[in-house]
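Asker: Submitted below is the structure of interest, expressed as structure tokens.
Any read-out appearing in this document is the output of simple, stated calculations on the displayed coordinates, not a laboratory observation. Small disclaimer: the values here were computed from a predicted structure and weren't measured. A quick note on method: Cβ atoms are made from the backbone with ideal geometry, for glycine too, and the neighbour counts reach across all protein chains shown.
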Amino acid sequence: MTTKKLTFRQKILVAGTLFGMFFGAGNLIFPVHLGQMAGRNAVVAMIGFIITAVGIPIFGVAAIGITHSDGLQTLSSKVGKGYGIFFTCLLYLTIGPLFAIPRCATVSFTTGITPLLGADSPEWLYLLVFSAAFFAFVLFFSLRPGKITLWIGKIINPLFLFFFAVLIIAALLSPGAAISSVEPTEAYQNGSFFPALIEGYGTMDAIAGLAFGIVVIDVIRRMGVNNDDIIAEDVLSSGLLAGALMALIYVLSILVGAQSRGIFELSENGGIALTQIAGHYLGGVGQFILAFTITFACLKTSIGLVTACAETFVKMTNGKIPYRTWAILFTFFSFAVSNVGLSAIISYSIPMLMLIYPPAIALIVLAFIGKFFQHDRAVYIATMIGTWAAAIFDCMKSLPASVQTAFHMDTLVSFAAKYLPLFDKNLGWLLPALIGFVIGIIFHLSRVRVSPAVE
């Protein structure tokens, strides 16, 4: 009896699903802006960015399959049932109404409406009107899931990628400046790997991979693959195909962003940069097409996220609160958050991502190596204690200085800076996580040795 595996054609189809799940219009604003900041150090920056924006997300999806989990809550419950509920809620709120959904609206506004406004225009008012229309559309189709998202996915995404390819080719054929001549910003002066590594957090794809991994796994199961180990292998191989395309797009985006510094000053955010570049190379028509495709791509993403978040919370509340209520609640909350603006959303999301990414990465790693310690809960708990304890300091560090001072966090940040290796690189959680893991392994081995004697 042979165990069914995906054919190469099927892997291409799964890779397309993975790409569509991960890659939205928002994924373009970070690499373009990264290129502007990194300048002549862009090549090294690419490596760091791709690790957190491509590699970890793909492994996150595979982690769901390799542990035979039926979703994030099951996987994170290896730490504990209560932790599974807590982490699932936190993660879905992060990729949902707190940051990712509002960002979709503000990216659309920044690329589509902002270029049309005069210097004296009340931008906040236009954003309010635009976001109201945007989320009315999102709510309508979130309450009536149907073919609209499929249509947008089949029509808008290919159109978007085609337009982006034209823009990239035009920019590369006529660069604004040689990358070697572009001065990096202060953060990228003495090395661009670690800042770019953290910049990759902004895509939120690692936590999205954990949240939506089960969707891809279900696609593979519907193709006739039932063995969980084979499923994990197929996810990885399909993920490599999707990851290769994502990495290519990121590399080109970073290059174009760096070259644009010969034409434009450093932009406030990647949405502004992308709009400026499109206008320069393709004129007003180019800006319109960019705005149109990004808006509809963001609408698709928002509808999908509202639906996924609402369905998840219905499941966690055992249906006591209906889907309709959750969908309305998440939509209205996202509408409110979107009106702080794109730059504010990005800056506010950084502390949360610094907090949630370390335990997400630790969970993914533990999932892959878990068979070597029989997925002993003690190892998961000890590792997470070390990870969370240090991640809190990374979170504090990324808060505005005024907030740190007001809540007397500056003393704690100084303490962490003194005693945590790599804290200056925003990776202070690595050593505590490793120490926790070692303690967990020692405890696991001690129990393994004692068990036979007891028997």
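Asker: Under 24 Å Cα to Cα from Lys4, which lysines show up? Leave out anything in the same chain fewer than 8 places away.
Answerer: Lys371
Asker: Give the list, by residue number, of cysteines in the chain with no other Cys Cβ closer than 4.7 Å, or say none.
Answerer: Cys89, Cys309, Cys395
Asker: Now a separate question. Taking 0.36 nm per residue of separation and subtracting the Cα-Cα distance, what length does fully extending Val166 through Ser347 add?
Answerer: 62.1 nm
Asker: Now, a different point. Using the beta-carbon distance between Glu265 and Leu117 and R0 = 25 Å, what value does 1/(1 + (r/R0)^6) give for FRET efficiency, to the nearest 0.05?
Answerer: Efficiency for this residue pair is about 0.85.
Asker: Given the DSSP H assignment, sum -39500 (n - 2.57) over each helix run of at least 4 residues in the chain and divide by its residue total; what's the result at 222 nm in deg cm²/dmol, nearest 500? Walk me through the intermediate numbers first.
Answerer: Details: 19 runs with 337 residues, N = 455.
My calculation for the chain gives -25000 deg cm²/dmol from helical runs alone.
Asker: For segment 6-39 and segment 349-412, compute the distance between their C-alpha centroids and round to whole Å.
Answerer: What the calculation gives is 26 Å, centre to centre.
Asker: Next question. Using the per-residue mean of other Cβ atoms lying within 10 Å as a proxy for protection, in what order, highest first, do the peptides 200-213, 363-376, 316-329, 296-309 fall?
Answerer: 200-213, 296-309, 363-376, 316-329
Asker: Now for a different question. Can you return the lysines within cross-link range of Lys397? Criterion is Cα-Cα under 21 Å, with same-chain partners fewer than 8 residues away left out.
Answerer: Lys418, Lys425
Asker: Calculate one ³J(HN,Hα) per residue across segment 126-143 by plugging θ = phi - 60° into the Karplus curve 6.51 cos²θ - 1.76 cosθ + 1.60, and present them in order as whole Hz with x for glycine and proline.
Answerer: Here the 3J(HN,Hα) series is 5, 5, 4, 5, 4, 5, 5, 5, 4, 7, 5, 5, 4, 5, 4, 7, 5, 7 Hz.
Asker: Another question about this same structure. For segment 393-400, in order, what is each residue's ³J(HN,Hα) by Karplus, 6.51 cos²θ - 1.76 cosθ + 1.60 with θ = phi - 60°, in whole Hz (x at glycine and Pro)?
Answerer: Per residue, the Karplus-derived 3J(HN,Hα) values read 5, 4, 4, 4, 4, 7, 6, x Hz.
Asker: Take Leu159 and Asn318, extend 7 Å from each Cα along the Cα→Cβ direction, and tell me the distance between the two endpoints in nm.
Answerer: Calculated label separation equals 4.7 nm.
Asker: Under 26 Å Cα-Cα from Lys320, which lysines qualify once same-chain neighbours fewer than 8 residues away are excluded?
Answerer: Reachable lysines: Lys78, Lys81.
Asker: Find the relative contact order for segment 8-339 and round it to a whole percent, using C-alpha pairs within less than 8 Å whose residues are 6+ positions apart.
Answerer: Relative contact order for segment 8-339 comes out at 44 percent.
Asker: What is the sum of charges around Leu255, taking Lys and Arg as +1, Asp and Glu as -1, for the other residues whose C-beta is under 15 Å from the C-beta of Leu255? Before the final figure, lay out the partial values.
Answerer: On the way: positive: Arg40, Arg261; negative: none.
Here the charged neighbours net out to +2.
Asker: For segment 237-284, what number results from the quotient of the Cα radius of gyration and 2.2 N^0.38 Å?
Answerer: Scaled against compact globular proteins, the figure is 1.40.
Asker: Give, rounded to the nearest 20 debye, the magnitude of the charge dipole that segment 189-245 has about its Cα centre when Lys and Arg contribute +1 at Cβ and Asp and Glu contribute -1 at Cβ. Write down the numbers at each step before the final one.
Answerer: On the way: 2 positive and 7 negative charges, 26 e Å.
Value, rounded to 20: 120 debye.
Asker: I would also like to ask the following. Sort 104-116, 238-250 for me by packing, meaning the mean count of neighbouring Cβ atoms within 10 Å per residue, highest on top.
Answerer: 104-116, 238-250
Asker: Now a separate question. One quarter of the convex hull surface, Cα atoms only: what value does that give for segment 8-339 in nm²?
Answerer: Details: hull surface 69.0 nm².
Reported value for the Cα convex hull: 17.2 nm².
Asker: Take every Cα pair under 8 Å in segment 279-398 that's 6+ residues apart, average their separations, divide by the length, and report that relative contact order as a whole percent.
Answerer: Result for segment 279-398 is 21 percent.
Asker: Roughly how many debye, to the nearest 20, is the charge dipole of the chain about its Cα centre, given +1 on each Lys and Arg Cβ, -1 on each Asp and Glu Cβ, and no other charges?
Answerer: Computed about the Cα centre, the dipole is about 1200 debye.
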